[in-house]
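The values are calculated or read from the model by the stated rules, or taken from the named source; none is laboratory data. Everything quoted here is computed from the prediction, not taken from an experiment. Here the Cβ is made from the backbone with ideal geometry for all residues, glycine too, and neighbour counts use every protein chain on show. The accessibility values were calculated without ligands, DNA or RNA, using every heavy atom of the protein model including side chains. Shrake-Rupley method; radii C 1.70, N 1.55, O 1.52, S 1.80 Å.
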Amino acid sequence: MGSVPLRTTELQGAEDPTPLELVRRAQGGDSQAFQKVYETNVGRVYALCLRMSGDPQRAEELTQDVFVRAWEKLALFRGESRFSTWLHRLAINVVLQDRRTRGRRGDREQTTADLDIYGAAAQKAMPGTRVDLERAIAGLPEGARRIIVLRDVQGYKYDEIAEITGVSLGTVKAQIHRARALVREALER
Amino acid sequence: MNAHIEATRLHDYVERLLGEEEGAAVERHLESCDHCRDIVSELAELISDLASLPSEASVERDLWSGIESRIGQGSGPDIIELPVGRHTPPRRISATWGQLLAAGIVLATVSGGTVWMALRGDTAGGAPLAQAPSLGSAAVPAVQVADEQYREAITRLEDLLDEGRHLLLPETLAALERSLAAIEGAIEDARAALDEDPNSELLNRLLIDHQQSKLRVLEQAAAAIRL
């Protein structure tokens, strides 16, 4: 199917297809169905990328990468889990892989100006969110930020995070404790 | 009063990760320790606040047009024909996998051809397998060499699969491991049978076929990872 040209099918008129039907059509190369899949899921993916990267612009690029990757790997989705769960896990892998690809050269401490920009973007993208908390997360070192987002925001279990990130359970726990302490410090400032 | 409880245990207590007995011990301590009780209270509040952050964010910029142009440039939803080009930036792991993938394919072709030549006993089509139940003396070393080459290639791919397994979705990894376990069982059976009958053409062929199957599965895993 890799060389199948993009196709579109008429999505209007008939009853609205279910999310799974849209995924199935996209698996057959239907880009219009995939656009619907994108529209349904982009909010969650962008929120994840935004918090894990701590950078609004990078989060947009990562979101695009996630959906391009999802398109390429759609054949791997067998329907054994919810598509949103599958996509979410894929998104995490894309963000983590991006970090590995960039190595440490992409790391730098967030300045107050960076955090101001991030806070404004977070407020705009997620009206009603706690901006002080969002800023505190964004200001964490990258490793701690990823772990606290996965554990405390996304609700992954410790052993799942260890598997996803490829670090030991003990390290994951140590990082989450440190991240929480840093967030509390930031909130108290 | 007892010494304060270490932070790690307090985190575990708040997250209900302690056993019943240990949890009860922490609770008893908290009844008489304001310091630890404050920590638990603040921690529980923080975890609750983090969990209640919005799970969706609106994107102001149009991201779809960029996605559409990228997916329209030839790469379809497939796990084998992977996209190649400027939209797939080189990644450390993919380069290594790519090289091994190529090596594996070449190995499979060359070794498989060598073995089949040996098994057939000629270079021009050969006799049907059913008419040649036993291998000639020259064929056995060829099979052994191919088997050794497969083992080496498979070992290297397995090492890298271990390195990249966290990049696969759990359901994909589970399916992959089931497939590999089934093939490995078949390989072991073939080896055990070959110990009894080392010149059996059928068994040698089976062994090489199983090795090729395992290599193919590992190649697919590599393809899934090297994105």
* Asked: Which one of B:Glu6, B:Glu31, B:Glu20 is among the acidic types (Asp, Glu) and within 11 Å of chain A (Cβ to nearest Cβ)?
  -> B:Glu6
* Please go through segment A:116-131 and pick out each residue that is within 8 Å of chain B (Cβ to nearest Cβ) and either open to solvent by less than 30 Å² (accessible area, probe 1.4 Å) or touching a Leu at 6+ places or on another chain (Cβ under 9 Å) (or both). => A:Ala122, A:Ala125, A:Met126, A:Thr129, A:Arg130
* All positions within segment A:30-43 that are more than 9 Å from every other protein chain (Cβ to nearest Cβ), within 23 Å of B:Ala224 (Cβ to Cβ) and assigned to a helix (DSSP H, G or I) -> A:Ala33, A:Val37, A:Asn41
* Starting from segment B:15-27, take each residue that is under 25 Å from B:Ala51 (Cα atoms) and list its partners that are assigned to a helix (DSSP H, G or I), counting only C-beta distances under 6 angstrom and pairs at least six apart or across chains. => B:Leu18/B:Asp12; B:Val26/B:Tyr13
* Quick one: B:Ala24 ticks every box in (1) more than 29 Å from A:Gln123 (Cβ to Cβ); (2) part of a helix (DSSP H, G or I); (3) open to solvent by 40 Å² or more (accessible area, probe 1.4 Å) bar one, so which box is it? -> (3)
* **Out of B:Leu30, B:Leu18, sole residue that is open to solvent by less than 70 Å² (accessible area, probe 1.4 Å) and modelled with pLDDT of 95 or more** => B:Leu30
* Looking for whichever is at pLDDT 95 or above, at the interface with another protein chain (Cβ under 10 Å from one of its Cβ atoms) and open to solvent by 40 Å² or more (accessible area, probe 1.4 Å) here; the options are B:Glu60, B:Glu45. Which one fits? => B:Glu45
* To do: Select from segment A:163-178 the residues that are more than 9 Å from every other protein chain (Cβ to nearest Cβ) and assigned to a helix (DSSP H, G or I) and list them in ascending order.
  => A:Leu169, A:Gly170, A:Thr171, A:Val172, A:Gln175, A:Arg178
* Would you point out the residue of segment A:44-65, among those that are open to solvent by less than 10 Å² (accessible area, probe 1.4 Å), free of Cβ contacts under 8 Å to residues at least 40 places away in the same chain and facing another protein chain (nearest Cβ under 9 Å), that is nearest to A:Pro17 (Cα to Cα)? => A:Thr63
* Asked: Which one of the conditions (1) in contact with a Pro (Cβ under 9 Å, 6 or more places away or on another chain); (2) outside any loop (DSSP other than H, G, I, E, B) does A:Thr129 fail to meet, given that it meets all the rest?
  -> (2)
* To do: Might you check whether a residue that is at negative phi, in contact (Cβ under 8 Å) with a residue 60 or more places away in the chain and either more than 14 Å from every other protein chain (Cβ to nearest Cβ) or touching a Ser or Thr at 6+ places or on another chain (Cβ under 9 Å) (or both) occurs anywhere in segment B:180-197?
  => no
* From the list A:Arg82, A:Arg100, A:Arg78, which one is exposed (fewer than 14 other Cβ atoms within 10 Å of the Cβ), within 25 Å of B:Thr172 (Cβ to Cβ) and at pLDDT 85 or above? -> A:Arg82
* If A:Arg135 passes every condition in (1) open to solvent by 20 Å² or more (accessible area, probe 1.4 Å); (2) at pLDDT below 95; (3) not aliphatic (A, V, I, L, M) but one, which one does it miss? -> (2)
* **Per-region count, segment A:134-180, residues under 20 Å from B:Arg9 (Cα atoms) and either among the aromatic types (Phe, Trp, Tyr) or in contact (Cβ under 8 Å) with a residue 12 or more places away in the chain (or both)** => 15
